[in-house]
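Notes follow once the structure below has been shown.
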Amino acid sequence: MSSEALPAIEARGLGKSYQLFERPADRLLQLLLGRWRRSGARWGREFQALREVDLTVYPGEVVGLVGRNGAGKSTLLQLVCGTLAPSTGTLAVRGRVAALLELGGGFSPDFTGLENVHMNAAILGLTRQEVQQRLPEILAFADIGDFIHQPVKTYSSGMFMRLAFAVATSVEPDILVIDEALSVGDGAFARKSFDRIMRLKDAGKTILFCSHSMYQVEALCSRALWIESGRVRLQGPAAAVTSAYAASLEAPAGAGAAPGVLPNTEQTIQTPQGSGRILRVIAEADGVRTDGGPGQALALRSGRSDLLLEVDFAIDPALPAPGVAFGFSDSAGRTVCSAISVNDGVTLRVDAQGRGRARLRFAALPLLKGRYEVTTFLTSEDGLHPYELVMRSLLLEVTQQGLEQGVVSLPHEWLPP
(Lines give C-alpha, C1' and ligand atoms only; values in the text may rest on other atoms or scores of the structure.)
Protein backbone atom coordinates (compact mmCIF):
# COMPACT_ATOMS: atom_id res chain seq x y z
CA MET A 1 0.00 0.00 0.00
CA SER A 2 1.53 3.29 -1.09
CA SER A 3 1.32 6.14 1.39
CA GLU A 4 0.52 8.45 -1.56
CA ALA A 5 -2.29 6.28 -2.96
CA LEU A 6 -5.76 7.73 -2.78
CA PRO A 7 -8.08 5.73 -0.49
CA ALA A 8 -10.39 3.29 -2.25
CA ILE A 9 -13.07 4.11 0.34
CA GLU A 10 -13.06 7.33 2.35
CA ALA A 11 -15.89 8.32 4.71
CA ARG A 12 -16.00 11.37 6.98
CA GLY A 13 -18.83 11.96 9.44
CA LEU A 14 -20.99 9.53 7.45
CA GLY A 15 -24.55 9.10 8.63
CA LYS A 16 -27.85 7.67 7.44
CA SER A 17 -31.24 8.45 8.98
CA TYR A 18 -34.81 7.45 8.22
CA GLN A 19 -38.19 8.96 9.07
CA LEU A 20 -40.51 6.58 10.93
CA PHE A 21 -44.26 7.21 10.94
CA GLU A 22 -46.98 5.61 13.02
CA ARG A 23 -49.62 6.06 10.29
CA PRO A 24 -49.42 6.27 6.48
CA ALA A 25 -51.31 9.57 6.71
CA ASP A 26 -48.49 11.06 8.80
CA ARG A 27 -46.03 10.33 6.00
CA LEU A 28 -48.24 12.18 3.52
CA LEU A 29 -48.71 15.15 5.88
CA GLN A 30 -44.96 15.41 6.42
CA LEU A 31 -44.38 15.32 2.66
CA LEU A 32 -46.99 17.99 1.87
CA LEU A 33 -46.94 20.26 4.91
CA GLY A 34 -43.76 19.48 6.83
CA ARG A 35 -41.90 22.59 5.68
CA TRP A 36 -44.57 24.89 7.17
CA ARG A 37 -44.89 23.19 10.53
CA ARG A 38 -43.53 25.52 13.24
CA SER A 39 -40.58 24.93 15.58
CA GLY A 40 -39.23 22.08 13.48
CA ALA A 41 -41.96 19.73 14.68
CA ARG A 42 -42.64 16.69 12.50
CA TRP A 43 -45.35 14.11 12.10
CA GLY A 44 -42.78 11.33 12.27
CA ARG A 45 -39.67 10.57 14.30
CA GLU A 46 -36.11 10.24 13.07
CA PHE A 47 -34.18 6.98 13.32
CA GLN A 48 -30.42 7.18 12.84
CA ALA A 49 -29.15 3.88 11.43
CA LEU A 50 -25.61 5.21 11.10
CA ARG A 51 -23.93 8.24 12.60
CA GLU A 52 -20.56 9.99 12.40
CA VAL A 53 -18.64 7.11 10.81
CA ASP A 54 -15.04 7.82 9.78
CA LEU A 55 -13.44 5.13 7.63
CA THR A 56 -10.43 5.00 5.32
CA VAL A 57 -9.65 1.89 3.28
CA TYR A 58 -6.65 1.91 0.93
CA PRO A 59 -6.34 -0.13 -2.28
CA GLY A 60 -5.44 -3.74 -1.54
CA GLU A 61 -6.63 -3.69 2.08
CA VAL A 62 -9.03 -6.28 3.48
CA VAL A 63 -11.14 -4.73 6.25
CA GLY A 64 -13.64 -6.63 8.38
CA LEU A 65 -16.92 -5.33 9.74
CA VAL A 66 -18.37 -6.79 12.96
CA GLY A 67 -21.30 -5.97 15.22
CA ARG A 68 -24.66 -7.25 16.38
CA ASN A 69 -27.69 -7.53 14.12
CA GLY A 70 -29.19 -4.08 13.61
CA ALA A 71 -25.96 -2.27 14.50
CA GLY A 72 -25.73 -0.57 11.08
CA LYS A 73 -23.28 -2.82 9.23
CA SER A 74 -25.51 -3.51 6.23
CA THR A 75 -26.41 0.17 6.02
CA LEU A 76 -22.72 1.06 5.75
CA LEU A 77 -22.19 -1.57 3.05
CA GLN A 78 -25.15 -0.29 1.04
CA LEU A 79 -23.80 3.25 1.27
CA VAL A 80 -20.44 2.08 -0.07
CA CYS A 81 -22.20 0.23 -2.90
CA GLY A 82 -24.28 3.27 -3.79
CA THR A 83 -27.66 1.66 -3.22
CA LEU A 84 -28.29 4.17 -0.41
CA ALA A 85 -27.48 7.86 -0.29
CA PRO A 86 -25.93 9.33 2.89
CA SER A 87 -27.97 11.70 5.03
CA THR A 88 -24.91 13.42 6.51
CA GLY A 89 -21.17 13.47 5.96
CA THR A 90 -19.15 12.64 2.87
CA LEU A 91 -18.31 9.37 1.13
CA ALA A 92 -15.84 8.80 -1.71
CA VAL A 93 -15.59 5.40 -3.40
CA ARG A 94 -12.90 5.10 -6.08
CA GLY A 95 -13.12 2.15 -8.46
CA ARG A 96 -15.58 -0.42 -9.73
CA VAL A 97 -17.57 -2.02 -6.92
CA ALA A 98 -18.91 -5.60 -6.92
CA ALA A 99 -21.22 -6.42 -4.06
CA LEU A 100 -22.24 -9.73 -2.50
CA LEU A 101 -25.06 -8.42 -0.33
CA GLU A 102 -28.46 -9.90 -1.14
CA LEU A 103 -27.46 -12.56 -3.65
CA GLY A 104 -29.79 -12.39 -6.60
CA GLY A 105 -31.11 -8.96 -5.75
CA GLY A 106 -32.35 -7.54 -9.05
CA PHE A 107 -32.99 -10.92 -10.67
CA SER A 108 -36.32 -11.06 -12.48
CA PRO A 109 -38.14 -14.31 -11.62
CA ASP A 110 -39.88 -14.43 -15.02
CA PHE A 111 -36.65 -14.08 -17.02
CA THR A 112 -34.51 -17.09 -17.84
CA GLY A 113 -31.19 -17.54 -16.09
CA LEU A 114 -29.37 -16.50 -19.26
CA GLU A 115 -31.43 -13.33 -19.60
CA ASN A 116 -30.75 -12.49 -15.96
CA VAL A 117 -27.02 -13.01 -16.51
CA HIS A 118 -27.00 -10.44 -19.32
CA MET A 119 -29.16 -7.98 -17.36
CA ASN A 120 -27.23 -8.18 -14.09
CA ALA A 121 -23.82 -8.13 -15.74
CA ALA A 122 -24.86 -4.94 -17.53
CA ILE A 123 -25.97 -3.44 -14.20
CA LEU A 124 -22.55 -4.33 -12.77
CA GLY A 125 -20.87 -2.39 -15.57
CA LEU A 126 -19.97 -4.99 -18.21
CA THR A 127 -20.47 -4.29 -21.88
CA ARG A 128 -22.31 -6.79 -24.09
CA GLN A 129 -18.98 -7.89 -25.57
CA GLU A 130 -17.49 -8.43 -22.10
CA VAL A 131 -20.53 -10.46 -21.05
CA GLN A 132 -20.17 -12.70 -24.10
CA GLN A 133 -16.48 -13.22 -23.37
CA ARG A 134 -17.13 -14.21 -19.76
CA LEU A 135 -20.36 -16.13 -20.32
CA PRO A 136 -18.71 -19.59 -20.61
CA GLU A 137 -16.87 -19.02 -17.32
CA ILE A 138 -20.04 -17.80 -15.59
CA LEU A 139 -22.05 -20.82 -16.75
CA ALA A 140 -19.28 -23.27 -15.85
CA PHE A 141 -18.93 -21.77 -12.39
CA ALA A 142 -22.70 -21.75 -11.69
CA ASP A 143 -22.97 -25.34 -13.01
CA ILE A 144 -26.77 -25.44 -13.33
CA GLY A 145 -26.83 -27.13 -16.74
CA ASP A 146 -29.83 -26.68 -19.04
CA PHE A 147 -31.74 -24.82 -16.31
CA ILE A 148 -29.93 -21.71 -17.54
CA HIS A 149 -32.65 -21.52 -20.23
CA GLN A 150 -35.53 -21.82 -17.73
CA PRO A 151 -37.21 -18.98 -15.77
CA VAL A 152 -35.45 -18.22 -12.51
CA LYS A 153 -38.71 -18.77 -10.60
CA THR A 154 -38.35 -22.50 -11.33
CA TYR A 155 -34.91 -22.67 -9.63
CA SER A 156 -34.16 -24.17 -6.27
CA SER A 157 -32.62 -21.79 -3.73
CA GLY A 158 -29.23 -23.45 -4.26
CA MET A 159 -29.35 -22.98 -8.04
CA PHE A 160 -30.44 -19.39 -7.59
CA MET A 161 -27.49 -18.65 -5.29
CA ARG A 162 -25.02 -20.38 -7.59
CA LEU A 163 -25.99 -18.23 -10.57
CA ALA A 164 -26.15 -15.00 -8.56
CA PHE A 165 -22.71 -15.57 -7.06
CA ALA A 166 -21.19 -16.48 -10.43
CA VAL A 167 -22.48 -13.25 -11.99
CA ALA A 168 -21.51 -11.01 -9.08
CA THR A 169 -17.91 -12.25 -9.02
CA SER A 170 -17.47 -12.33 -12.80
CA VAL A 171 -16.83 -8.59 -12.77
CA GLU A 172 -13.18 -7.65 -12.28
CA PRO A 173 -13.82 -5.28 -9.36
CA ASP A 174 -11.53 -2.80 -7.73
CA ILE A 175 -13.60 -3.10 -4.55
CA LEU A 176 -15.44 -6.23 -3.38
CA VAL A 177 -18.13 -5.84 -0.71
CA ILE A 178 -19.14 -9.07 1.04
CA ASP A 179 -21.99 -9.49 3.52
CA GLU A 180 -22.10 -13.06 4.90
CA ALA A 181 -21.75 -14.61 1.44
CA LEU A 182 -18.97 -17.15 1.98
CA SER A 183 -21.26 -20.14 2.49
CA VAL A 184 -23.61 -20.08 -0.45
CA GLY A 185 -24.84 -23.36 -1.91
CA ASP A 186 -23.75 -26.85 -0.95
CA GLY A 187 -20.37 -27.85 0.45
CA ALA A 188 -18.61 -28.20 -2.89
CA PHE A 189 -19.89 -24.88 -4.22
CA ALA A 190 -19.14 -23.15 -0.90
CA ARG A 191 -15.52 -24.23 -1.26
CA LYS A 192 -15.43 -23.05 -4.89
CA SER A 193 -16.95 -19.67 -4.01
CA PHE A 194 -14.52 -19.21 -1.13
CA ASP A 195 -11.56 -19.97 -3.41
CA ARG A 196 -12.74 -17.35 -5.90
CA ILE A 197 -12.92 -14.71 -3.18
CA MET A 198 -9.45 -15.69 -1.97
CA ARG A 199 -8.10 -15.25 -5.51
CA LEU A 200 -9.52 -11.73 -5.57
CA LYS A 201 -7.81 -11.05 -2.27
CA ASP A 202 -4.50 -12.43 -3.55
CA ALA A 203 -4.86 -10.25 -6.66
CA GLY A 204 -4.74 -7.16 -4.44
CA LYS A 205 -8.40 -6.20 -4.63
CA THR A 206 -9.85 -4.02 -1.89
CA ILE A 207 -12.32 -6.04 0.19
CA LEU A 208 -14.86 -4.92 2.78
CA PHE A 209 -15.99 -8.08 4.58
CA CYS A 210 -18.92 -8.27 7.01
CA SER A 211 -19.39 -11.46 9.02
CA HIS A 212 -20.52 -12.89 12.34
CA SER A 213 -17.64 -15.40 12.16
CA MET A 214 -14.82 -13.87 14.21
CA TYR A 215 -12.53 -16.64 13.01
CA GLN A 216 -13.00 -15.72 9.35
CA VAL A 217 -12.68 -12.00 10.03
CA GLU A 218 -9.39 -12.51 11.86
CA ALA A 219 -8.11 -14.95 9.23
CA LEU A 220 -9.01 -12.84 6.19
CA CYS A 221 -8.67 -9.24 7.36
CA SER A 222 -5.78 -7.04 8.39
CA ARG A 223 -8.06 -4.48 10.06
CA ALA A 224 -11.58 -4.53 11.45
CA LEU A 225 -14.32 -2.07 12.35
CA TRP A 226 -16.78 -2.71 15.20
CA ILE A 227 -20.10 -0.93 14.81
CA GLU A 228 -22.55 -0.66 17.68
CA SER A 229 -25.84 1.27 17.65
CA GLY A 230 -24.85 2.99 14.43
CA ARG A 231 -21.50 4.29 15.71
CA VAL A 232 -17.94 3.06 15.38
CA ARG A 233 -17.04 1.63 18.77
CA LEU A 234 -13.57 0.37 17.86
CA GLN A 235 -11.32 -0.01 14.84
CA GLY A 236 -7.81 -1.36 14.57
CA PRO A 237 -5.98 -4.69 14.00
CA ALA A 238 -8.47 -7.48 13.27
CA ALA A 239 -7.28 -9.68 16.15
CA ALA A 240 -7.75 -6.89 18.71
CA VAL A 241 -11.17 -5.83 17.43
CA THR A 242 -12.59 -9.35 17.18
CA SER A 243 -11.34 -10.18 20.67
CA ALA A 244 -12.95 -7.07 22.14
CA TYR A 245 -16.22 -7.71 20.30
CA ALA A 246 -16.33 -11.39 21.30
CA ALA A 247 -15.75 -10.41 24.94
CA SER A 248 -18.78 -8.09 24.76
CA LEU A 249 -21.13 -10.90 23.78
CA GLU A 250 -22.66 -12.11 27.01
CA ALA A 251 -25.63 -14.10 25.67
CA PRO A 252 -25.60 -17.51 27.38
CA ALA A 253 -25.92 -20.68 25.38
CA GLY A 254 -29.46 -22.07 25.24
CA ALA A 255 -29.97 -24.52 28.08
CA GLY A 256 -32.16 -26.73 25.97
CA ALA A 257 -30.03 -26.73 22.83
CA ALA A 258 -29.36 -30.19 21.50
CA PRO A 259 -25.83 -31.30 20.80
CA GLY A 260 -24.69 -31.85 17.24
CA VAL A 261 -25.97 -35.09 15.70
CA LEU A 262 -23.52 -37.35 13.89
CA PRO A 263 -24.26 -40.51 11.89
CA ASN A 264 -24.33 -43.75 13.85
CA THR A 265 -22.65 -45.88 11.19
CA GLU A 266 -20.08 -45.22 8.54
CA GLN A 267 -22.25 -47.13 6.06
CA THR A 268 -24.65 -44.15 5.97
CA ILE A 269 -21.88 -41.84 4.73
CA GLN A 270 -20.95 -41.40 1.10
CA THR A 271 -17.69 -39.71 0.13
CA PRO A 272 -18.65 -36.03 -0.25
CA GLN A 273 -18.00 -34.35 -3.59
CA GLY A 274 -15.92 -31.19 -3.38
CA SER A 275 -16.29 -30.98 0.38
CA GLY A 276 -15.81 -32.89 3.64
CA ARG A 277 -17.83 -34.32 6.54
CA ILE A 278 -17.26 -35.14 10.18
CA LEU A 279 -18.18 -38.78 10.83
CA ARG A 280 -17.55 -39.24 14.54
CA VAL A 281 -16.11 -37.38 17.53
CA ILE A 282 -14.81 -39.28 20.56
CA ALA A 283 -13.38 -38.10 23.88
CA GLU A 284 -11.49 -40.21 26.41
CA ALA A 285 -10.23 -39.48 29.93
CA ASP A 286 -9.33 -41.68 32.88
CA GLY A 287 -10.26 -44.83 30.94
CA VAL A 288 -13.74 -43.59 29.99
CA ARG A 289 -14.78 -42.94 26.36
CA THR A 290 -17.83 -41.04 25.11
CA ASP A 291 -19.21 -39.97 21.76
CA GLY A 292 -21.01 -36.95 23.21
CA GLY A 293 -24.51 -38.44 23.08
CA PRO A 294 -27.39 -36.63 24.81
CA GLY A 295 -26.63 -36.16 28.50
CA GLN A 296 -23.19 -37.79 28.23
CA ALA A 297 -20.70 -35.46 29.91
CA LEU A 298 -17.14 -36.72 30.31
CA ALA A 299 -15.80 -36.24 33.86
CA LEU A 300 -12.26 -34.87 34.23
CA ARG A 301 -10.03 -33.72 37.09
CA SER A 302 -8.38 -30.36 36.60
CA GLY A 303 -4.59 -30.67 36.25
CA ARG A 304 -4.71 -34.47 36.59
CA SER A 305 -6.75 -36.01 33.77
CA ASP A 306 -5.34 -36.40 30.28
CA LEU A 307 -7.96 -35.58 27.64
CA LEU A 308 -7.81 -37.41 24.29
CA LEU A 309 -9.96 -36.15 21.40
CA GLU A 310 -10.50 -38.11 18.19
CA VAL A 311 -12.41 -37.11 15.07
CA ASP A 312 -13.06 -39.35 12.06
CA PHE A 313 -13.78 -37.56 8.80
CA ALA A 314 -14.41 -38.10 5.08
CA ILE A 315 -13.32 -35.75 2.31
CA ASP A 316 -13.37 -35.72 -1.46
CA PRO A 317 -10.15 -37.60 -2.36
CA ALA A 318 -9.45 -34.99 -5.04
CA LEU A 319 -9.05 -32.29 -2.39
CA PRO A 320 -5.94 -31.62 -0.26
CA ALA A 321 -5.88 -33.09 3.24
CA PRO A 322 -8.15 -31.00 5.48
CA GLY A 323 -7.58 -29.34 8.82
CA VAL A 324 -9.33 -30.13 12.12
CA ALA A 325 -10.00 -27.74 14.97
CA PHE A 326 -11.58 -27.96 18.42
CA GLY A 327 -13.07 -24.98 20.23
CA PHE A 328 -13.83 -24.98 23.97
CA SER A 329 -16.55 -22.73 25.39
CA ASP A 330 -17.81 -22.23 28.94
CA SER A 331 -21.38 -22.36 30.25
CA ALA A 332 -21.94 -18.73 29.21
CA GLY A 333 -20.99 -19.51 25.60
CA ARG A 334 -17.64 -17.66 25.74
CA THR A 335 -14.78 -19.21 23.82
CA VAL A 336 -12.11 -20.28 26.30
CA CYS A 337 -9.48 -21.79 24.02
CA SER A 338 -8.99 -23.69 20.78
CA ALA A 339 -6.60 -26.02 19.02
CA ILE A 340 -6.14 -25.88 15.21
CA SER A 341 -4.13 -28.46 13.28
CA VAL A 342 -3.26 -25.99 10.51
CA ASN A 343 -2.09 -23.41 13.03
CA ASP A 344 0.14 -26.05 14.67
CA GLY A 345 1.68 -27.07 11.34
CA VAL A 346 0.15 -30.57 11.41
CA THR A 347 -0.73 -32.31 8.12
CA LEU A 348 -3.42 -34.97 8.50
CA ARG A 349 -3.29 -38.29 6.65
CA VAL A 350 -6.09 -39.28 4.27
CA ASP A 351 -6.48 -42.67 2.56
CA ALA A 352 -7.42 -43.29 -1.06
CA GLN A 353 -11.14 -43.18 -0.19
CA GLY A 354 -10.80 -39.79 1.51
CA ARG A 355 -11.15 -41.15 5.06
CA GLY A 356 -8.95 -39.93 7.88
CA ARG A 357 -8.63 -39.46 11.63
CA ALA A 358 -7.22 -36.69 13.77
CA ARG A 359 -6.12 -37.32 17.38
CA LEU A 360 -5.28 -34.62 19.92
CA ARG A 361 -4.14 -34.99 23.53
CA PHE A 362 -4.23 -32.43 26.33
CA ALA A 363 -1.90 -33.63 29.08
CA ALA A 364 -3.05 -32.81 32.61
CA LEU A 365 -5.93 -30.68 31.32
CA PRO A 366 -5.44 -27.19 32.82
CA LEU A 367 -9.11 -26.13 32.66
CA LEU A 368 -10.52 -25.28 36.09
CA LYS A 369 -13.86 -26.45 37.48
CA GLY A 370 -16.91 -25.98 35.32
CA ARG A 371 -18.93 -27.37 32.44
CA TYR A 372 -17.44 -26.95 28.99
CA GLU A 373 -18.70 -27.63 25.48
CA VAL A 374 -16.48 -28.67 22.56
CA THR A 375 -17.23 -27.60 18.99
CA THR A 376 -15.51 -29.61 16.26
CA PHE A 377 -14.51 -28.13 12.88
CA LEU A 378 -13.41 -29.75 9.63
CA THR A 379 -11.75 -27.11 7.45
CA SER A 380 -9.95 -26.63 4.17
CA GLU A 381 -6.20 -27.22 4.05
CA ASP A 382 -5.47 -23.56 4.89
CA GLY A 383 -7.92 -23.53 7.82
CA LEU A 384 -9.99 -20.68 6.37
CA HIS A 385 -13.03 -22.42 4.91
CA PRO A 386 -15.12 -24.68 7.20
CA TYR A 387 -16.44 -27.79 5.45
CA GLU A 388 -18.52 -28.72 8.50
CA LEU A 389 -18.81 -27.88 12.17
CA VAL A 390 -20.63 -29.73 14.92
CA MET A 391 -21.74 -27.56 17.83
CA ARG A 392 -21.61 -29.15 21.28
CA SER A 393 -20.08 -32.31 19.87
CA LEU A 394 -18.75 -33.11 23.36
CA LEU A 395 -19.58 -32.07 26.92
CA LEU A 396 -16.91 -31.93 29.64
CA GLU A 397 -17.49 -31.76 33.39
CA VAL A 398 -14.32 -30.61 35.17
CA THR A 399 -13.79 -30.79 38.92
CA GLN A 400 -10.80 -29.51 40.87
CA GLN A 401 -9.05 -29.54 44.19
CA GLY A 402 -8.00 -26.23 45.69
CA LEU A 403 -9.39 -22.70 45.45
CA GLU A 404 -8.03 -21.41 42.13
CA GLN A 405 -10.47 -19.16 40.31
CA GLY A 406 -11.02 -18.51 36.60
CA VAL A 407 -11.11 -20.92 33.68
CA VAL A 408 -7.52 -22.16 33.39
CA SER A 409 -4.54 -22.85 35.62
CA LEU A 410 -1.48 -21.22 34.07
CA PRO A 411 1.94 -22.81 34.65
CA HIS A 412 3.64 -20.79 37.38
CA GLU A 413 6.40 -20.88 40.00
CA TRP A 414 6.65 -19.06 43.32
CA LEU A 415 10.16 -17.70 43.86
CA PRO A 416 11.94 -17.12 47.16
CA PRO A 417 12.35 -13.47 48.24
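The values are calculated or read from the model by the stated rules, or taken from the named source; none is laboratory data. As the structure is a computational prediction, the values presented were derived from the model and not from experiment. So basically every Cβ, Gly included, is an ideal-geometry build from the backbone, and we count neighbours across all protein chains shown. Please note that ligands, DNA and RNA were not included when accessible areas were found on the heavy atoms of the full protein model with its side chains. Shrake-Rupley method; radii C 1.70, N 1.55, O 1.52, S 1.80 Å.
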Report task. With a cut-off of 12 Å, note down the residues of the range 367-403 whose backbone N falls inside the zone around a label point 7 Å from the Cα of Val288 toward its beta carbon. Result -> 395-399
Query raised in the report: When the chain is modelled as a GNM with alpha-carbon springs shorter than 10 Å, which of Gly89, Gly327, Gly145 fluctuates the most?
Result: Gly145
Query - Solvent-accessible surface ranking, highest first, for Val232, Val66 at 1.4 angstrom - result: Val232, Val66
Query - Set of aspartates and glutamates near Lys16 by C-alpha distance (under 16 Å), chain-local residues within fewer than 8 positions excluded - result: Glu46, Glu52, Asp54, Glu228
**Report entry** Among Gln78, Val336, Val167 - extreme Cα towards positive end, dipole of the chain, charges at beta-carbon
**Finding:** Gln78
Report task. List the equivalent ellipsoid semi-axes of the range 83-139 in whole Å, largest first, each obtained as the square root of 5λ for an eigenvalue λ of the Cα gyration tensor. Result -> 26, 15, 9
Report task. Determine the share of the chain's accessible area contributed by carbon and sulfur atoms, expressed in whole percent, with a 1.4 angstrom probe. Result -> 53
Query raised in the report: So what are the ³J(HN,Hα) numbers for the range 135-150, from phi and the Karplus equation (6.51, -1.76, 1.60; θ = phi - 60°), rounded to whole Hz, Gly and Pro as x?
Result: 4, x, 5, 4, 5, 5, 5, 5, 6, 10, x, 6, 5, 4, 9, 9
Report summary line: Applied in sequence order to the range 343-348, the curve 6.51 cos²θ - 1.76 cosθ + 1.60 (Karplus, θ = phi - 60°) yields integer Hz couplings, x standing for Gly and Pro, of 5, 8, x, 9, 9, 7
Query raised in the report: About its Cα centre, what dipole magnitude does the chain give when the only charges are +1 on Lys and Arg Cβ and -1 on Asp and Glu Cβ, stated in debye to the nearest 20?
Result: 1340
Query raised in the report: Which one of Ile282, Ile175, Ile227 has the biggest mean-square fluctuation once the chain is modelled by GNM with Cα springs under 10 Å?
Result: Ile282
Report task. For Phe47 and Leu403, compute 0.36 nm times the residue count separating them, minus their Cα-Cα distance, and round to one decimal in nm. Result -> 123.1 nm
Query raised in the report: Helix 187-202: angle to the longest alpha-carbon principal axis of the chain, degrees 0 to 90, nearest 10?
Result: 70
Requested in this report: Give me the distance between the Cα centres of the range 275-343 and the range 361-396, rounded to whole Å.
Outcome: 5
Report task. Over the chain, give the accessible area per residue in Å² for a 1.4 Å probe, as an integer. Result -> 53
**Report entry** Solvent-accessible surface ranking, highest first, for His212, His149, His118 at 1.4 angstrom
**Finding:** His149, His212, His118
Report summary line: If unit charges are put on Cβ atoms (+1 for Lys and Arg, -1 for Asp and Glu) and the dipole of the chain is taken about its Cα centre, the option from Leu20, Ala8, Tyr155 lying farthest towards the positive end turns out to be Leu20
Query raised in the report: Which one is right for this structure if semi-axes √(5λ) of the Cα gyration tensor in Å is calculated from it: [x] 35, 29, 17; [y] 43, 31, 21; [z] 73, 26, 22?
Result: [y]
Query raised in the report: Full extension from Gln353 to Ala339: what is 0.36 nm times the residue separation minus their Cα-Cα distance, to one decimal in nm?
Result: 2.4 nm
Requested in this report: Have a look at Arg191, Arg96, Arg304 and tell me which one the Gaussian network model of the chain (Cα, springs below 10 Å) gives the largest fluctuation.
Outcome: Arg304
Query raised in the report: Helix-derived [θ] at 222 nm for the chain: sum -39500 (n - 2.57) over DSSP H runs of at least 4, divide by residue count, nearest 500?
Result: -6500 deg cm²/dmol
Query raised in the report: Considering only protein heavy atoms, what is the solvent-accessible area of Arg301 at a probe of 1.4 Å, reported in Å² to the nearest 10?
Result: 110
Report task. Among the aspartates and glutamates, select those whose C-alpha is under 12 Å from the C-alpha of Lys192, and discard any that sit fewer than 8 residues away in the same chain. Result -> Asp143
Query - Full-extension gain in nm, Thr112 to Ala240, via 0.36 nm per residue minus C-alpha separation - result: 41.4 nm
